[in-house]
Ligand SMILES: Nc1nc2c(ncn2[C@@H]2O[C@H](COP(=O)(O)OP(=O)(O)O)[C@@H](O)[C@H]2O)c(=O)[nH]1
Ligand SMILES: [Mg+2]
């Protein structure tokens, strides 16, 4: 089935507003575990905005798209776990096929996590490739370090048994009154970046003071939206070959406008030649791999690595990142060397591909 060729092709619950199939972060946890607080912390949106932005998708599951004005990621919240009379089977099935990464949210001061472990075990049995991250909330609520460590170990061991393998885990405080738990959130963002780059890149927080990086942060969502289109439009082999380069050209055009540099033939040629052999060769290699992944669907399923959609996404993101760098430096009158640009491209490609796991 085409749909199973690569992870990125799973359909979100309410498919279809725009052209992008959003990467979906599924939050699984009891009522009160901190799921809504987590969405607030990761997106920087207010409680109220998030409360109003949630859309129902099944009887007890709902979704929140971010950013609201041009969604690039979808949070899925299954409510009701742990409540009397709640029967999770329907929700689990509906969400499983539509999600790309699972956040298992447990509060450290709540030892009763049986329902969550059971749900996780069902999900792991049905989809052995589902990536999951354990998010332990309420760090501030268990103040004794030994007791906290014990709670962390106990819950982690339980979820490891349920998933059949160890999950990457973070403990954090989402206390409303306190300062943001920067360290905990950064650790979670790092795990998200590894598990689902399309979401991780959007939700990461740059604290760089480098002027070029600061400028890029303003245009990153633009690049991510083109990369998302590439991820989605690469569904069919023939369409993919045509649509991805066209998407990338459109992106380069928009970046030019945003950086106030006109892509005339001279600048375009200079960029391409600076990207030069390095990107040319890299691009060709990627393209070969892409076609291979499409011709041999089993490759994408079993290797779980460089799938067609993931590579289109990473290639487009990396080209956008390199172009932004080139445009910035050109607008400052000091275009980068081939060596520098190659480094920017390669780093962006690495960060945006989920190959490296
Ligand atoms: N002190 C503290 N309170 C938390 C933490 N996480 C969640 N809460 C509180 O627990 C309550 C339920 O959180 P909420 O995010 O609505 O949970 P949800 O039902 O999973 O969406 C809210 O009052 C939160 O402020 C935490 O890490 N520390
Ligand atoms: Mg909630």
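Return only the number of the condition from (1) under 25 Å from the mean Cα position of the chain (by Cα); (2) more than 27 Å from residue 49 (Cβ to Cβ); (3) surrounded by fewer than 21 Cβ atoms within 10 Å (Cβ to Cβ) that residue 68 does not satisfy.
(2)
Output the number of residues of the stretch 122-154 satisfying the condition of being closer than 20 Å to residue 31 by Cβ, more than 16 Å from ligand 2 (Cβ to nearest atom) and over 20 Å from the mean Cα position of the chain (by Cα).
So the count comes out to 6.
With the condition being at pLDDT 95 or above and touching a strand residue (DSSP E or B) at 6+ places or on another chain (Cβ under 7 Å), I'd like the helices (runs of 4 or more DSSP H) fully within the stretch 129-204 carrying at least 1 qualifying residues.
The helices (runs of 4 or more DSSP H) meeting that bar are 145-163, 182-195.
If you take just the helices (runs of 4 or more DSSP H) that sit entirely in the stretch 271-357, which of them hold at least 3 residues that are modelled with pLDDT of 65 or more?
308-331, 338-352
Residues that are away from ligand 1 (no atom under 15 Å from the Cβ): list the helices (runs of 4 or more DSSP H) wholly contained in the stretch 17-100 that include at least 2 such residues.
Ranges flagged: 89-96.
The values are calculated or read from the model by the stated rules, or taken from the named source; none is laboratory data. The shown structure was predicted, so the numbers you read here are calculated from the model rather than taken from an experiment. Here the Cβ is made from the backbone with ideal geometry for all residues, glycine too, and neighbour counts use every protein chain on show.
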